[in-house]
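Structure, as structure tokens:
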Amino acid sequence: MSASQVQALGIQTTATEAASNVAGHAYPAEVRVPPANETVLAAPVDGLIQQVRVAEGETVTQGQPVASLLSSGLVTLQSDYLETLASHRVAAQALERDRSLAAEGIIAERRLNETRGTYNQSTARLSALRQSLSLAGMSDAALDKLDQTRRIDPVLDLVAPQDGTVMEQMITAGERVNAASALIRISTLDTLWLEVRLPVERLADVQPGDRVSVEDKGIQAEVILTGSRIDPDDQTVMIRARVEAVDGRLRPGQFLRVRLEGEDQANLLRVPSSAIIRQGGDSFVFVATQGGFDAYPVERLGESNGWLTIRVVDTSDTGDRPQLSAGDQVAVNGVATIKGAWQGMGGGE
């Protein structure tokens, strides 16, 4: 187009601007709980769930009773423990007696050694049974009470292993469970992960330590890991970012969109939204030249206050045409007219 044609058609242009402090393209992400912040309470012994005292979503503290388990296996362990405890006390008395007798020369040293061996075996068995009861969920206070009262209790209080939120309740009252069955999953939510699916061609744009912003949440996260595996289905790489103290604004399992602030901004420009045209699924801007206008492919990013951030597509393989840069004039009015002429001349290229 000549200058007179441009003027006659009412085509107007404006200069592109360099983009700065741009968050970049939006990518899908999922909120996850770090494995170190998650604990599953399991049944220490076989039994019947007598009562469930918490529900999904409730906050619990470490040591808080969350369920009770009626267990015949616990009764057997306590019975064995009390029997061994009685034998141990007899062995202790026998050892004390034989020590006195040996000191007076009444019994041989061999007899004392045999008594000491019986006592040591009793001590080892008692310690093993006490450890088994501890692993079965009995506290030291409960074990001391068992020592004193010798009263067997078939009901075991199951307590929260950590502070946190009940994320999943996998049991109901009256249900029979086996030892090691998962009962309740508890997570601390003060720190969460954002797992971002990043196109492999953008992998070079982000590094550990870069910032990630969550759309519409005003939440910032920090990249801590770039994945080492490419998903063969969609050719994306997992990027993991850590976010802390979100006060319930993010929840595990939530899907959202984030922007990577570490993306390369060298080829980012700002243009009025009216400068963008769509053709064949791609976006273009018309750049003023001496002979009229030339179509440049671009990638649309964020939009704000009528201005669109674009990423300049590399055109180095198109001959001597210069790369689009800040200050170049792009058409903003009469764009449809230019597009019509462009399609007629270039066959929709």
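So here's what we get for this one:
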| item | result |
| --- | --- |
| Where I186, I106 fall by accessible area, highest first, once all protein chains stay in place (1.4 Å) | I106, I186 |
| Per residue Cα convex hull volume in Å³ - calculated over the chain | 217 Å³ |
| Accessible surface of the chain [probe 1.4 Å, protein heavy atoms]: carbon and sulfur percent | 47 percent |
| Where the Cα pairs of region 1-91 fall when distances are cut into 10 Å bins, in % | 10, 17, 16, 14, 9, 7, 7, 8, 6, 4, 2, 1 |
| Viscosity 0.692 mPa s, temperature 37 °C, Stokes-Einstein D of region 63-152 from Kirkwood C-alpha radius, µm²/s | 221 µm²/s |
| Contour excess over end-to-end distance, with Cα ends at T172 and V159 and 0.36 nm allotted per residue | 3.1 nm |
| Å² of accessible area per residue within the chain, as computed with a 1.4 Å probe and no ligands counted | 54 Å² |
| Listed residue (A26, A141, S273) projecting farthest to the positive dipole end of the chain, Cβ model | A141 |
| Accessible area (Å², 1.4 Å probe, nearest 10) - R116 | 70 Å² |
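The values are calculated or read from the model by the stated rules, or taken from the named source; none is laboratory data. Keep in mind that what you see is a predicted model, and the values were worked out from it rather than measured. Cβ sites come from the backbone with ideal geometry, for glycine too, and all protein chains shown count toward neighbours. Quick note on the areas: whole protein, heavy atoms, side chains included, nothing else; ligands and nucleic acids left out. Shrake-Rupley method; radii C 1.70, N 1.55, O 1.52, S 1.80 Å.
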